[in-house]
Amino acid sequence: MKTFFLSLKTTVWTLLALVCLFFIGSSMMPTHREIFGPMNDRLLFHWIGDMASEQVWLTWWFFGALAALVLLTINTIVCSLQAIKGRWSRKDFLLRIAPQVVHMGFLFMLLAHLLGAGWGYKLSGMLAEGMMATGLPENRALYLRELRAEADASGFPRGWSAEVFLYENNQPVKIGSLGPNRPLFYKGMGIYLKSFELQPRPAALLLVAKDPGAIWALAGGILFILGSVTLLVLKWKKA
Amino acid sequence: MEITLFILYPLALYRTRLILAALALHAALIAASAVKYGRIPLIGLHDTLGFLAFSIGAAYLIFGWKRLRDWYSYITIPLILLLLAGSLAAPQMHGPLPPVLKTLWFELHVILSFVAYALFALGAVFGVLFLMHGRKEDEADQYRNLLLGYVLFSIAMIFGGIWAYYAWGTYWLWTPKELWTTIVWFWYGLYLHARLVRGWSGRSVVWLGIIGFVIVMFTYAGVGLLMKSSHEF
C-alpha cells in the first residue's frame, strides 16, 4: 500500500484521471447551467449538499475529481515525507528541498479550496443608494451612501465607485470607496462592487464574502513560486 | 505595416538570427498599439494571436541562436505566420481597457500566460524534432522549454487568482475556462513527473509535450469560442 502511495506512477495516472474528469466537466457545464451555475454563487459544500448529490448522473465527474485530489494529496504528502528522510548534505540541499516547497505550496492551495468550500460566506444583492443592508453575518450592516459612474465622450464607462459605511453591532467601523478591483476589507470580510445601475434609481450589486482559505491560497502561491523558480534555476543548469 | 511581417519572418528560414528584423518591427507595432490605445494590446484574438506569434519568435531566437537552417525553422516560422494570419483575420478591439482589467495583476497574468504558451509551442517543436532525428539535445531542449513554461504559467495563474480575488471576491471560479487552465497545469505537471519515472523517458514523454501544446491551443482559442466563461471581455 505504501509503495502505491509512494509511486510516481500514481502521481502520473492520478493527474491523467484529473485531466479526463475536468475535460468531461468542462463539456457538461455549458449544457447544464442550472446545475453548475450556482457552484460560484454559494459555498461549495452547500452546493454539494443541495444540488450535486441529487444530480449525480451530471456531477459524477466532480466527485471523481474530488476523490482523485484526495489521492493526489496523500501521494504528495507520502512522497515529500520520503524525500526529506535520510541524511542531508549542504551540496544538494536546495535540489532536495525545492520540490518539497512546491509540493507544500500545492497542498496549501488545496487546503485553501477546502476551507473556502466549507466555511465563510458569500452574499450578494442589489442595494439602492441611501439604503442600508442589515442582517449581514457577524452582526454587521452595510449602508450605501453614494454611487458614482464616469463615462468618456463616447459613453464608454471609465470607472465607477460606491461609498459605503460598514456597521458592526450598530456602530460604524469602516468607511470606504468600492470600485473595480477595489474592494473594502474588514476582519477577513471583503465587500465588492460587482455592477451597478443608474435607472430607475442608482443601485449597486454588492457582494459580501469571507473566504478563510484566501490567505492559505496566497501562502501556497508564494511557496509554489519560490520552490518552482529555485528548481528551475537548478534544473536548468543541470540540463 | 503588419503585412511586412509576412516578408520579414520568413527570412529566418535562411538564417535564424534574421528573425531579429521581424521581431524589432513586431515589437514596435505592439508598442505603437499600446501608446495609441493607452493600454497593453492584449485584448481579443487580434492582439493575443499577434503577441503569441511575437513571443514564439523571441523564444525561437533565444533557443535557436546557434542553429543553422533546419527543421527547427521550417516548423516554427510557418507556425508564427499562421498565428499572424489569424491575428490579421480577427477583428481588433479599439478603445481603452474595461475598468475591471486596469490592474497590474491582469497585465502580468496575460503577459506571462502568453510567454508560457510560446514556450509550450517551442517545447512541442523540439518534441517533433526529437521524433524526427532522435537527438538527445532536442529532448533536453523540450524539457527546458516546458519547465520554464510551466513555472511562468504557474505564476500567471497565481497572479490571475490574486486579480480575480480583488475583482470578484474569489480566486477560483468553476467555469470551463478555469477547468481547462487547470487541465493545462495538470498536463505539464504530469509531463514533468512522467520524465522522472524510470523507463518512461524518450518518445512517450516527448509525445506528452507535443500533445500539451494541442491542449494549450484549445484552452486559448477553443474554449473561448465554444464555451461561455469568465474570460470574456
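The values are calculated or read from the model by the stated rules, or taken from the named source; none is laboratory data. From a predicted model like this one, the values you see are computed outputs, not experimental measurements. Cβ coordinates were reconstructed from backbone atoms using ideal geometry, including for glycine residues, and neighbour counts include every protein chain displayed.
Here are some residues: A:ALA117, A:ALA112. Which one is within 30 Å of A:TYR186 (Cα to Cα), at pLDDT below 95, touching a helix residue (DSSP H, G or I) at 6+ places or on another chain (Cβ under 8 Å) and surrounded by 12 or more Cβ atoms within 10 Å (Cβ to Cβ)? Don't jump to the end; show me each part of the working.
Numbers: A:ALA112 fails: at pLDDT below 95.
It is A:ALA117.
Taken together, B:LEU84, B:LEU45 contain a single residue that is surrounded by fewer than 20 Cβ atoms within 10 Å (Cβ to Cβ) and not polar (S, T, N, Q), which is B:LEU45.
You will find that of B:PHE159, B:PHE153, the residue that is farther than 24 Å from B:LEU83 by Cα, of a type outside the set (A, V, I, L, M) and either within 15 Å of the chain's Cα centre (by Cα) or modelled with pLDDT of 95 or more (or both) is B:PHE159 and no other. Under the condition of being more than 11 Å from chain B (Cβ to nearest Cβ) and either among the polar types (S, T, N, Q) or without any contact (Cβ under 8 Å) to a residue 12 or more places away in the chain (or both), the residues counted in the stretch A:1-47 number 5. Right, A:GLY220: assigned to a helix (DSSP H, G or I) and under 23 Å from the mean Cα position of the chain (by Cα) or not? Against the criterion (assigned to a helix (DSSP H, G or I) and under 23 Å from the mean Cα position of the chain (by Cα)), A:GLY220 qualifies.
Every listed requirement among (1) of a type in the set (Ser, Thr, Tyr); (2) touching a residue at least 60 places away in the same chain (Cβ under 8 Å); (3) not in a strand (DSSP E or B) is met by A:SER154 save one, (2). Scanning the stretch B:184-227 for residues that are touching a residue at least 24 places away in the same chain (Cβ under 8 Å), under 23 Å from A:LEU72 (Cα atoms) and not in a helix (DSSP H, G or I) yields a count of 2.
Might you check whether a residue that is within 26 Å of B:GLY222 (Cβ to Cβ), assigned to a helix (DSSP H, G or I) and within 11 Å of chain A (Cβ to nearest Cβ) occurs anywhere in the stretch B:113-131? Looking through the stretch B:113-131, none of the residues is within 26 Å of B:GLY222 (Cβ to Cβ), assigned to a helix (DSSP H, G or I) and within 11 Å of chain A (Cβ to nearest Cβ).
Which condition from (1) touching a Ser or Thr at 6+ places or on another chain (Cβ under 8 Å); (2) within 12 Å of chain A (Cβ to nearest Cβ); (3) crowded, with 20+ Cβ neighbours inside 10 Å is the one that B:TYR220 breaks? For B:TYR220, the failing item is (2).
Within the stretch B:93-108, identify whether any single residue is surrounded by fewer than 21 Cβ atoms within 10 Å (Cβ to Cβ) and either more than 30 Å from A:ALA149 (Cα to Cα) or among the hydroxyl-bearing types (Ser, Thr, Tyr) (or both), and answer yes or no. Yes, the conditions are met somewhere in the stretch B:93-108.
Can you name every residue in the stretch B:1-49 that is small (Gly, Ala, Ser) and touching a helix residue (DSSP H, G or I) at 6+ places or on another chain (Cβ under 8 Å)? Reasoning before the result, please.
From the stretch B:1-49, those small (Gly, Ala, Ser) are B:12, B:21-22, B:24, B:27-28, B:31-34, B:38, B:44; that's our starting set.
Those that are small (Gly, Ala, Ser) and touching a helix residue (DSSP H, G or I) at 6+ places or on another chain (Cβ under 8 Å): B:ALA12, B:ALA21, B:ALA22, B:ALA27, B:SER33.
Residue count for the stretch A:41-93, restricted to those that are over 18 Å from A:LEU21 (Cα atoms) and either more than 18 Å from the chain's Cα centre (by Cα) or at pLDDT below 90 (or both): 26.
Could you say which residue among B:TYR74, B:TYR60 is part of a helix (DSSP H, G or I), surrounded by fewer than 21 Cβ atoms within 10 Å (Cβ to Cβ) and touching a residue at least 60 places away in the same chain (Cβ under 8 Å)? Let's see the steps before the verdict.
Details: B:TYR60 fails: surrounded by fewer than 21 Cβ atoms within 10 Å (Cβ to Cβ).
The unique qualifying residue is B:TYR74.
For the stretch B:86-102, how many residues are assigned to a loop (DSSP other than H, G, I, E, B) and within 14 Å of chain A (Cβ to nearest Cβ)? Break it down into steps so the answer makes sense when it comes.
First, pick out the residues of the stretch B:86-102 that are assigned to a loop (DSSP other than H, G, I, E, B): B:90-98, B:102.
Those still in the list that are within 14 Å of chain A (Cβ to nearest Cβ) too: B:93-98, B:102.
Qualifying residue count for the region: 7.
Among the residues of the stretch A:187-225, those identified as more than 9 Å from every other protein chain (Cβ to nearest Cβ), without any contact (Cβ under 8 Å) to a residue 60 or more places away in the chain and crowded, with 18+ Cβ neighbours inside 10 Å are A:MET189, A:LEU193, A:PHE196.
Determine, yes or no, whether B:TYR9 is farther than 30 Å from B:PRO99 by Cα and crowded, with 17+ Cβ neighbours inside 10 Å. Step through it out loud before you land on a result.
Details: farther than 30 Å from B:PRO99 by Cα: yes; crowded, with 17+ Cβ neighbours inside 10 Å: yes.
Here the answer is yes, as B:TYR9 does meet what is asked.
Checking each residue of the stretch B:160-179 against the condition of being surrounded by fewer than 20 Cβ atoms within 10 Å (Cβ to Cβ), part of a loop (DSSP other than H, G, I, E, B) and either touching a residue at least 40 places away in the same chain (Cβ under 8 Å) or touching a His at 6+ places or on another chain (Cβ under 9 Å) (or both) gives at least one match. Summed over the stretch B:169-197, residues that are of a type outside the set (A, V, I, L, M, F, W, C) and closer than 22 Å to A:SER228 by Cα total 9.
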